[in-house]
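Written out below as structure tokens is the structure these notes cover.
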Amino acid sequence: GDLLYDTIRKNTIKVNPFKESIIGTVAEVNSLTKEMLENCYNTFYHPGNMFLVVTGNFDKDEMIAAIKQNQDSKKFSDYVKPKLKKYKEPDDVVKDMEIVKCNTNIPKASYNIKINVNNFSMDKRKLSIYMYIIFNLLFGDTSSFDEDMKKKEIITSTLYYNLLNIDTHFVITLSNSTDKYEDLIKEIENRLSNISFDKSELERKKKVLISNEIFSYENIEMVNDMIVD
């Protein structure tokens, strides 16, 4: 799974650093110095570049006082705001297809789409929700595609959907474990070339999203994650 995800990024993204593995290569790790690590830590792990979200059953005034007391006892260098670097990512991909052979019981297949977000007149947050609804309608667990693929025994579980936001583009990934990966890719392409759904389906998915959002507030950890996001 990790190998598949690394390969997806390398084959889809040309310029943006998202194409690289977070941990880096062996050579890059070996080239790190103490000074580089300290510079990184003092820049990005500075309170000026951080925020704290606390959720749960507590007295907020006591919590704020405890946080202030904790921070006042520490000394930090002056905060220097990092400069954000922009990358001119092209619309085309590095490689259209690749088969990686490795030691695994069941092959994993992944189909990826690179979308330039500047082609849309809405903000990225709203666009990501639209994309989720569309791909859920096309490939989700209640879709005709899902039912058909399971009947044909091409898949045994619903396709996994992921959206990676690299600022200028969305990289949308549809993946699953399957012995019939060539058939799966062909079926995905057929479905994408014949996109259609009616208004009632769209309204149903919207209601599910809204109800899931409401129910999520019963989970303290999830509320924390939502605020952080």
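The values are calculated or read from the model by the stated rules, or taken from the named source; none is laboratory data. Values in this document were obtained by computation on a predicted structure and should not be read as measured data. Heads up, the Cβs are rebuilt from the backbone with ideal geometry, glycines too, and the neighbour counts pull from every protein chain shown. Note: accessible area is taken over every heavy atom of the protein model, side chains too, but ligands, DNA and RNA are not part of it. Shrake-Rupley method; radii C 1.70, N 1.55, O 1.52, S 1.80 Å.
Kindly indicate whether any position in region 76-97 is among the hydrophobic types (A, V, I, L, M, F, W, C), within 26 Å of V171 (Cα to Cα), out of contact with any His (no Cβ under 8 Å at 6 or more places or on another chain) and open to solvent by less than 90 Å² (accessible area, probe 1.4 Å). Checked region 76-97: at least one residue is among the hydrophobic types (A, V, I, L, M, F, W, C), within 26 Å of V171 (Cα to Cα), out of contact with any His (no Cβ under 8 Å at 6 or more places or on another chain) and open to solvent by less than 90 Å² (accessible area, probe 1.4 Å). Within region 206-225, the set of residues being in contact (Cβ under 8 Å) with a residue 24 or more places away in the chain and within 26 Å of I134 (Cβ to Cβ) comprises K206, L209. On the stretch given as region 136-157, residues that are open to solvent by 20 Å² or more (accessible area, probe 1.4 Å) and either part of a helix (DSSP H, G or I) or aromatic (F, W, Y) (or both) total 6.
Looking only at residues of region 26-35 that are within 28 Å of the chain's Cα centre (by Cα) and surrounded by 10 or more Cβ atoms within 10 Å (Cβ to Cβ), we find that the one that is farthest from Y79 (Cα to Cα) is E28. For region 183-196, a residue qualifies if it is surrounded by 12 or more Cβ atoms within 10 Å (Cβ to Cβ) and either over 25 Å from the mean Cα position of the chain (by Cα) or at positive phi (or both), and exactly one does: D183.
Name the residues in region 197-229 that are surrounded by fewer than 10 Cβ atoms within 10 Å (Cβ to Cβ) and polar (S, T, N, Q), would you? Scanning region 197-229 gives S200, N212.
If we keep just the residues of region 158-169 that are open to solvent by 50 Å² or more (accessible area, probe 1.4 Å) and not in a loop (DSSP other than H, G, I, E, B), which is farthest from E89 (Cα to Cα)?
Y160
Residues that are within 14 Å of V171 (Cβ to Cβ) and either loosely packed, with under 14 Cβ neighbours inside 10 Å or of a type in the set (V, I, T) (or both) within region 98-123 comprise I113, I115, N116, V117, listed in sequence order. Sort out which residues of region 170-188 are part of a helix (DSSP H, G or I) and under 22 Å from K10 (Cβ atoms), and write them in order of number. Hits for region 170-188 are Y181, E182, L184, I185, I188.
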